[in-house]
Each structure stands twice: as C-alpha cells, then as structure tokens.
Amino acid sequence: MAEHPTGIPIQLEPLVVRVLAPNASPYTYTGTQTHIVGTTDLAVIDPGPDDPAHMDALLRAIDGRPVEAIVVTHHHRDHSPATRPLQSLTGAPIVGAAPFDLADVGARADASFDAAYAPDRVLSEGDSVTGDGWTLEAIATPGHTSNNLAFALPETKALFSGDHVMGWSTTIVSPPDGNMTAYMASLEKLMGRDDRIYYPGHGEAIDKPQRLVRGMLGHRKQREGPDPSLAWQGRVGDPGDGRAHVCRSRPAARARCGTIGAGASVRPANPRTGYRGRRDMANDSVTEPVRKSGVAPFLAKAVGIVLILVLAGLLVLWGVQRYVSDRLTPDPTTIASASLEGLREQNRLSAFAARYVAVVTSKQSQLGFTTEKTLIMPGMVRYEVDMAKLTQSDVAWDGTSKTLSVRLPAVEADGPQVDLNAVREYGSGGVLTTFTDAEKRLDAANRRAGQIELIRQAREPAMIKLARDATRRAVERSFAMPLRAAGIDATVAVRFADEPTANTERWDTSRSLQDVLGNRR
C-alpha cells in the first residue's frame, strides 16, 4: 500500500475516508487503518494506537466537524488505545466492543489486549449508531477475539470488518480468548450477507468479499477438519462466548487403528515325538525309531516364525502408540508458538507506567540584575517492550523440567508525556523579565531541564526493576494460561536481554588451599 502513506486521508468513497497509522510491522502489515464515516458529522472507526502523529492526522481529517461516535471493533492495542485522547479532544462517546474483563470464566488475559479500554456504550448484534446520512450497524463476529464486532454501512452496502477479514492475510485465532468455532460461525454469517465491499483494519479494500470469505472457509476447514469444534474443543451453544480451550487434536490427524495382534500354535503331528509307532505288547517288540534329522529343523523354523511375528506385532503396537501420542497429546512447543504470534502481532507491550514530578530552577543574569524561575512539571512515563523483535529462538521448551524459557528485548522508557494543565511556574520577576527576553529563556531552560529530570527519574534502577517485574508477569501469564488450559503444568521463566545471566560456576571446596598450593610445588 505504498500509494497510501501514513497520515494522509484517502477518500475511498463519498462517505468513507481512510487514514493509515504509522505502526507497520510483520503483524500489522502497513499499519492500522482508521476509517472516518460521514460528511457533516462523523464516526471514527478504530482510532488505532496512541500515537501523537496519528492523532494529528486524524484531527486534520476531521477538520473541526463534530464527531458523533468513536467506534471500536475490538480491544487490541493496535486498534483502541487512541480512543482516550481522541475523546478528550472531540468529546465523542466511545462505543462498540465490550471491555476487557479479567474476571471472565477462563481468564482470557492477554498482553496484546488494551486493558484500559473503557467504552461508554457496549454494542451488540443489531445495535446501531447514526449520523447525517449514515448508519453503522453492529454485527457480532467473534473468533479473532470474543468481543469482535464488524460494522455495516447500509447506505453504500459497505462493511468495516476489523481484523475478522483482512485484505492481506487470514487473521490469528489465538486461544484462550480466540475461538476457532466462533470464527468459522462468523464467516458463515458473513457468507449470508450481500455486502458490496469490505474495509478491513489492515490491508486493501476487498471488492469481492463473498469470494474471499468462501475461500477462507475452505482453507480453514482443510486445516482444522470438517468440524472445528472437535479440533478446538469450543462450546457451540454460543459461538461468541469466547470460552474455548486450546486445541488438543485435529480430526484430520487422528490415528485410525484396529485391533492388532499376532500369534500361532505349533505342535508336532505326533505328541510322542521320536517314535513313529508304539510298543506292541503282544509281540513284545518296539517299532523302529524315527530319524530326528527332519524334526529339529522344522521346530527351529517354527520357533523363528513365532519370534518374528511377535517382534513385528510389538513394533506395530509401539508405532501406533507413538502415532497416537504425537497426535493426541498437547504439544507445548506448538502452544507456545501460538502465544508468541499473539504477542508479536501487537508490536509493543506496555505493562507498567509511572508518574513523576520534576522541580527545576533556572537563573538569568544581565546588566547586574538576576532573576530566577522555578518549574514544577508532572509527567507520565510508559515502559514498553518491542514485542515485534521476538523470534522463535527467544522461546525454548525444556521437557525435562517442564519449563518454558522466554527472552525479551530490553525495557524502554517511552515519554515523558507531560500534563501541560498541571504545570506550575514560580518566578521573582523584576527588571530583566520586563525589559529583556530573560523570561523566555528561563522558560526554555526550565522545560529542557524538566524533561531531563523526568527521564532521569524514570531510568532509576528501582523503577526499571518495577517495569521489568510488571512486564515479566504479563508475559508469563500470556504463555502460561494456554499451557495450563491444555493440561500442561509448566513453569514460564522470563528474562530480559540486558539482564545479567546467573553465574552457575561453583568453587571446589573439597580440598584446602594448602593442599592445592602444595600440589604446585
């Protein structure tokens, strides 16, 4: 989408404008696409990440017009964080997907979720928001997340599909919140509609949506089997309840095994081996002994055949057991890979934020006069980890200790974000501030010093440790919950790339220092 650079409003049709956010990554493609609907009053769909450049671009596209609603398809960190600053600037209500609920059954916590997302009104199937010449109708499309919504624009038969159907790739369905059964049911629901075009959250507009959805259904059925509820152990009663469990097996990979066995009974024709006849009591004579040269080879061959059949049967049984075990036993490596993809998709993880206050004083001296000014500057610093840098080599499974080791990039301090309304200044005034530009210089010096002081406080070792601990807990939870849902009692150990590794060397204290030195004489 090189023809659609970030921050530039693109008119897709008379009622729809698209603005691309600057958060491109392997998992967001060229970035999150915010759609603005309307002409005189507006709705903003998925305002995207909390990025100042993207917020400026949205305000330019809004161009002072009233915003009736800020609409959210789902609460991932590349779609909903900008709702808060946009609401503070426009006063519009936040409507759409249900909020993140840690208390829900199944503990669907995920580091990719925007835990601060808080809508003013939750929309369900059939609910709508309206403006001058436009209507947005909510369509429940759970699967990518349990609260995923699409929005239809009946005036032009367009559909804003969010991440449920994208223009560049199929979506990630990551348990425990992602539900393959619900995802397939949602695709079937869209197949029954006659929308003209889809505007997705990522990728180009889809001008033949029915053909694409039909292909996606076929692709998923081929991967998951004819009944995805068996593969994903979901509950079909309510495809939107989001309480699926981690995939344990797929029907296409099940072993079809019958009863397997081997055996034979070998015995000589005459139980009294060694004689062809019996003792003749009347004639008091004994029949001629049978030659043993033909019986022994026969017995040896029979025993060899039996042993071969038994060994073959044991090998077959062992192979069947391995096959069934490999197919039906949850694979921790596969589950961890799915969790890794979910984390990488959201680009940056911010699990900890702290508020600091800088108090700085600057002085100016000219013409024998001195003036000073004190600045009190509060600021918020978010500590982030670039999850897009994670690779498969950063996640390792140790089957012996049942430990999943995860190596994260270093924690970065983002900000500070200064609350200008809370800034306070105190100065002595005087001749210099009246007849010279001393006050302007004092303000500039204080602002620079305040920023430096906020960053210094944010980078204190104690605060970095708190940020690491919070991030560590969030990542451990994201990896541990799917493993436990699959019945794997695993330990998740997270460390950061810039943390010193533990020293595993041990001193040999079995001999005294005198003994060691004595050996060198």
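Computed quantities for the displayed model
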| item | result |
| --- | --- |
| DSSP beta bridges in region 11-137 [antiparallel fraction, %, rounded to 5] | 65 |
| Whole-angstrom Cα spans of region 167-223 along principal axes, big to small | 32, 23, 18 |
| Per residue Cα convex hull volume in Å³ - calculated over region 337-401 | 164 |
| FRET efficiency, Ala422 to Glu125 (Cβ-Cβ, R0 45 Å, nearest 0.05) | 0.60 |
| Vicinal HN-Hα couplings computed from phi for region 476-484 (Karplus, 6.51 cos²θ - 1.76 cosθ + 1.60; Hz; Gly/Pro x) | 4, 5, 5, 7, 6, 4, x, 5, 5 |
| Three-way shape call for region 112-174 based on the alpha-carbon gyration tensor, with the a/c threshold at 1.5 | oblate |
| For region 84-97, 3J(HN,Hα) per residue [Karplus equation, 6.51 cos²θ - 1.76 cosθ + 1.60, θ = phi - 60°, Hz, x = Gly/Pro] | 5, x, 5, 5, 5, 8, 10, x, 6, x, 9, 10, x, 4 |
| Gained length - Met380 relative to Thr436, 0.36 nm times residue gap less alpha-carbon distance | 16.8 nm |
| Residue-by-residue Karplus 3J(HN,Hα) for region 59-76, coefficients 6.51, -1.76, 1.60, Hz, glycine and proline x | 5, 5, 5, 5, 6, x, 6, x, 9, 7, 7, 9, 9, 10, 7, 6, 9, 8 |
| Full-stretch length increase - Leu466, Leu217 - with 0.36 nm per residue and alpha-carbon distance subtracted | 85.1 nm |
| Dipole-positive endmost among Leu190, Leu149, Val129 within region 109-209 (Cβ charges, Cα centre) | Leu190 |
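No lab work stands behind these numbers, since they all come straight from the coordinates. As the structure is a computational prediction, the values presented were derived from the model and not from experiment. With ideal geometry, Cβ positions are generated from the backbone for all residues, glycine too; neighbour counts draw on all protein chains shown.
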